[in-house]
Amino acid sequence: MSLSPELQHRLAQADALIFDMDGTLVDTMPLHYIAWQQVAEYYRLPFSRPRFYQLGGVPTLETLQILSAEAGLEIDLQAAKEMKEGLSRALMPKATPIAETLAIVQQFFGTKPLAIATGSSRAGAQMLLGQLELAHYFDALVTADDVARHKPAPDVFLAAAQRLNVAPERCVAFEDTDIGIEAILSAGMSAVDVRDLIK
C-alpha cells in the first residue's frame, strides 16, 4: 500500500500516532456484529448493521443502555454485557490485523511514540493485542476502563497523548467510525479515516 504524499507528509510531521483498535488496527467489527446480533435477539432489542456502525467505539454497557432506552425496555444490563463480552471472546480467535493500518504502525515503530485509544475494555484489548502479537508496537494503551467519558468525547485520545507526553495538536489519530473521527477532532488532533485507506 502506498500512502498519498499529503498523508505521508502529515504522518512524517506528527510527533506521535494514535490508533483506535477495533475496525482500525484489527478487523474485529464483523465478529462484534455477530455477537451483538445474538444479544439483541435474546433481549428483543431492535438492532441493525447501520446502527451497529453508528455505535462503533461506544463501550458495551453504554451501547446496551442506548439500545434498551430506544426500545423502551428494561433489561439486566450487567447480564447482557457479560453475554456480549463472552460471545465476543469466543469469536476473537478469528480476528486478523488490518494490513493497511499495520503497515503504518510498522513504518513508524521505533521512530515515533505510538498508542492505542480504544472503546474496548482493558482486558479485551490486552487479550486481542497479545493474541495477534501487536502489543510490543505501542508505548501506551488507553481503554474504556481508563476514562469517564467515551467516544464521541475526546477523553480516550487526550489520555493517550498525555501518556505519550505529546501535545494533542502534534498527534495524528486513526479511526474507522464517524463518532471516532468526531472524538479525534474534538481532541484537537489531525484525523485519518481508515475507511479511505482500505477501500
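The values are calculated or read from the model by the stated rules, or taken from the named source; none is laboratory data. Please read these numbers as outputs of a predicted model, since none were measured by experiment. Backbone-built Cβ (ideal geometry, glycine too); neighbour counts: all protein chains shown. Just the protein is used for accessible areas: all its heavy atoms, side chains included, with ligands, DNA and RNA removed. Shrake-Rupley method; radii C 1.70, N 1.55, O 1.52, S 1.80 Å.
Can you spot a residue in segment 17-25 that is out of contact with any helix residue (DSSP H, G or I) (no Cβ under 9 Å at 6 or more places or on another chain), open to solvent by 10 Å² or more (accessible area, probe 1.4 Å) and either within 26 Å of Q126 (Cα to Cα) or at pLDDT 95 or above (or both)? No, there is no match, as no residue in segment 17-25 is out of contact with any helix residue (DSSP H, G or I) (no Cβ under 9 Å at 6 or more places or on another chain), open to solvent by 10 Å² or more (accessible area, probe 1.4 Å) and either within 26 Å of Q126 (Cα to Cα) or at pLDDT 95 or above (or both).
Number of residues in segment 118-143 that are open to solvent by less than 20 Å² (accessible area, probe 1.4 Å) and farther than 14 Å from D20 by Cα equals 0. Do we have A125 as in contact (Cβ under 8 Å) with a residue 24 or more places away in the chain and within 17 Å of I104 (Cβ to Cβ) here? No. Within segment 126-141, is even one residue part of a helix (DSSP H, G or I) and touching an Asp or Glu at 6+ places or on another chain (Cβ under 9 Å)? Within segment 126-141 (the criterion being part of a helix (DSSP H, G or I) and touching an Asp or Glu at 6+ places or on another chain (Cβ under 9 Å)), the answer is yes, since at least one residue qualifies.
Here P152 meets the list (1) outside any loop (DSSP other than H, G, I, E, B); (2) surrounded by 17 or more Cβ atoms within 10 Å (Cβ to Cβ) almost entirely, failing just condition (1). The condition (being aliphatic (A, V, I, L, M), surrounded by fewer than 19 Cβ atoms within 10 Å (Cβ to Cβ) and over 21 Å from A123 (Cα atoms)) is satisfied by just one residue among L197, L185: L185. For segment 52-100, the tally of residues that are within 18 Å of the chain's Cα centre (by Cα), among the β-branched types (V, I, T) and farther than 30 Å from K199 by Cα stands at 0. Of all residue pairs spaced 6 or more apart or on separate chains, those with beta-carbon atoms under 7 Å, a first member in segment 132-147 that is among the β-branched types (V, I, T) and a second member that is open to solvent by 10 Å² or more (accessible area, probe 1.4 Å) are V142/A159; V142/R163; T143/S120; T143/S121; T143/R122; V147/D155; V147/A159. Need the failing condition index for A115 against (1) under 14 Å from the mean Cα position of the chain (by Cα); (2) open to solvent by 20 Å² or more (accessible area, probe 1.4 Å), just the number. Among (1) under 14 Å from the mean Cα position of the chain (by Cα); (2) open to solvent by 20 Å² or more (accessible area, probe 1.4 Å), the lone unmet condition for A115 is (2).
The condition of being more than 28 Å from L164 (Cα to Cα), of a type in the set (G, A, S) and in contact with a Lys or Arg (Cβ under 9 Å, 6 or more places away or on another chain) holds for A71. Of the residues E169, E175, which single one is more than 16 Å from E62 (Cβ to Cβ) and open to solvent by less than 30 Å² (accessible area, probe 1.4 Å)? Exactly one of E169, E175 is more than 16 Å from E62 (Cβ to Cβ) and open to solvent by less than 30 Å² (accessible area, probe 1.4 Å), namely E175.
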